[in-house]
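Notes for the one structure printed next.
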Ligand SMILES: Nc1ncnc2c1ncn2[C@@H]1O[C@H](COP(=O)(O)OP(=O)(O)OP(=O)(O)O)[C@@H](O)[C@H]1O
Ligand SMILES: [Mg+2]
């Protein structure tokens, strides 16, 4: 292939494209790196000016994130020498640990509500999308439009009615309530995305299975689902990211019981001065599940995008 | 092995009728062609026979058993789809064995059957390859393998060669026909390619706009079309139509074509008004003694024959003549039509009039 080929980029073009990608990746990852680094700084390093790039890492932020502490008079400190590594960290500030913070609990709430609503959205969405894709449904297009129209205003616009209704039926500040709410918001997206993916799967696969002796449900389960894996994985990621990061409804509808991490993390600041490392530690841990989830599903995202066996 | 009988089969999609009232019989072991232009209802007919679509009305008998409302899986047939519908995440072996595995056959027995099918199709070497890397010909063979591995009563194929390029199509068509001759299983094959249908089929059903136009062996359909649609659809160049006003009496042996008497096969039907005389290009002869005159417009040389386009009183006429017969453009010549091969159509509905020559062939309709 000659160097003037249209399809094959020249060495210079490749180099330039590579440099652009690297630059973009660096810019995107910088805030993330900064947050992760801040989580391992001391409070004074965290607010040092000029900002410290090289510093001595400490787990202070993480200890503060997970504990509640109280200041003790020097005689109490002297009487109770710190025993563990985390006791020693808080002892530097003449403090002792009096108990766990609520972070673990809030984090767990986020996991339950985030993954619960993601599962429901994808589960219901897959069945609905299959039906929309395969069956003759009266007024199908109108129904699909109605489903999508729930996304045409910001969900928070209906926050007050939902708040009042939830109060009335006892769903405020419950896990079930939040799962229901996030599922409702995500379902339209999920139906639309999945319908697109299922539409792409030629119906002949199921028909071949039907002729080979499967029931409709078996054909769906054994033939359609494996081929829709790509779509299901990406839909699940989108749903999880929304439910995981949702802030406004969480602030409004949850408090003592079902509060998720997003409204909780900012409150860390208020406890004992501006504890930026603890906030950064919380944010870092908060990022992990979505990252892990995305990485786990990544191979599904890439696999099966090209249906080699299908004539288009 | 099965005989399949279709009776008054109809399919409506809402207000649209895709198949109007089809009736035909496929004998045990036949290679049967469903032929017609795009959108005429071939696929719909086949899908109803397979149980993928419920008929609006009518009956389907497989070996005498009425199955029109039965599930696809209860009919014991195999379907080769217009696109191959192979599972991309499985190997060739997995794909071929899939129908057996899904019926709960043991792994060992499935293995034996797959091996046997692979040998029949000559694809033993690619059994462990994944579908993605296969050529379209091999995919076609795998799709066939998946159909024959179950040893069903009948094979239904919807334009199975549509994905292949012209050269390879012909090769695969021969392979398919040879396979059929070895296995002897009833096969229903959908195509819109009249040549394919003529070459491969034991019998052909010609459909148009959801209606069965004719049903019979290829030779009869070619020689004795039941309708002008069939006459026009089959054969290339297609049959010449000479439209004229006149009459033909039952028992008469000639018609009057604007003052020129033309011999025809002994007519059984009588008709008058708008009539059409149909004659295939190879049955048009040049004859200086004939009073039916025409002007040579063009000649097209085809090796052993040539196609001569002529202008006559009843429109354009194409004649297939030996290549060594010299014809000059602009020349006026006399034409004669082989009287044994002429079909008369009534002009309004386009139906062939019965004659001593075609009555046997039209018996089916
Ligand atoms: N599910 C359906 N709903 C509505 N109309 C349909 C449906 N399936 C087929 N049709 C219509 O019925 C007619 C016959 O379709 P069919 O697929 O049987 O044609 P075909 O002869 O197989 O054509 P082709 O050669 O293009 O495959 C077409 O006009 C088609 O648009
Ligand atoms: Mg078709």
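Only the coordinates and a few stated rules stand behind these numbers; no lab work does. Predicted model only: the values in this text are computed from it and were never measured. Positions of Cβ are backbone-derived with ideal geometry, glycine not excepted, and every protein chain shown enters the neighbour counts.
Here the calculated FRET efficiency for residue A:94 and residue A:49, from their Cβ-Cβ distance with R0 = 22 Å, stands at 0.25, rounded to the nearest 0.05.
In chain B, the DSSP-assigned H stretches of four residues or longer account for a calculated mean residue ellipticity at 222 nm of -7000 deg cm²/dmol, using -39500 (n - 2.57) per stretch and the full residue count as denominator.
Each residue in B:243, A:102 was given a count of other beta-carbon atoms within 10 angstrom of its own, and listing them fewest first yields B:243, A:102.
Between residue A:267 and residue A:84, residue separation times 0.36 nm minus the direct Cα-Cα distance comes to 63.2 nm.
In terms of surrounding Cβ atoms within a 10 Å radius of their Cβ, B:19, A:185, B:308 rank from fewest to most as A:185, B:308, B:19.
Note on residue A:294 and residue A:241: the model spin-label points, each 7 Å out from Cα along the C-beta direction, lie 0.6 nm apart. Volume of the convex hull of the protein assembly as shown (Cα atoms only), normalised per residue: 269 Å³. Projected onto planes of every orientation and averaged, the convex hull of the alpha-carbon atoms in the stretch A:39-195 covers 15.7 nm². With the Cα gyration tensor of the stretch B:35-88 giving a ≥ b ≥ c as the square roots of its eigenvalues, does the rule (a/c under 1.5 for rounded; else a/b larger than b/c for prolate; else oblate) give rounded, prolate or oblate? The shape class here is oblate.
Mean projection of the Cα convex hull over all viewing directions, computed for the stretch B:173-250: 7.0 nm².
Assign one of three labels to chain B, namely rounded, prolate or oblate, based on the Cα gyration tensor with a ≥ b ≥ c the square roots of its eigenvalues; rounded applies when a/c is under 1.5, prolate when it is not and a/b is larger than b/c, and oblate otherwise. Since a/c reaches 1.5 and a/b is larger than b/c, the shape of chain B is classed as prolate. Residues A:191, B:329, arranged from fewest to most other Cβ atoms within 10 angstrom of their Cβ, appear as B:329, A:191. Shape analysis of chain A places it in the oblate category; the axes a ≥ b ≥ c from the Cα gyration tensor give an a/c of at least 1.5, with a/b not above b/c. A Stokes-Einstein calculation at 37 °C with viscosity 0.692 mPa s, built on the Kirkwood radius of the stretch A:43-101 over Cα pairs, returns a diffusion coefficient of 261 µm²/s.
How big is the convex hull of the Cα atoms of the stretch B:230-365, per residue, in Å³?
Measuring per residue, one finds 107 Å³ for the Cα hull of the stretch B:230-365.
Assuming a viscosity of 0.692 mPa s and a temperature of 37 °C, what translational diffusion coefficient in µm² per second does Stokes-Einstein assign to the stretch B:18-63, Rh being the Kirkwood radius over Cα pairs? Answer from the Stokes-Einstein relation: 282 µm²/s.
Residue separation of residue B:12 and residue B:290 scaled by 0.36 nm, minus their Cα-Cα distance, works out to 94.9 nm of gained length. Between the helical axis of B:92-102 and the longest alpha-carbon principal axis of chain B there is an angle of about 80 degrees. Label reach from residue A:152 (point 7 Å along Cα→C-beta): in the stretch A:158-202, amide nitrogens under 17 Å belong to A:158, A:188-189, A:192.
Sorted from longest to shortest, the spans of the Cα atoms of the stretch A:172-302 along the three principal axes equal 69, 32, 20 Å.
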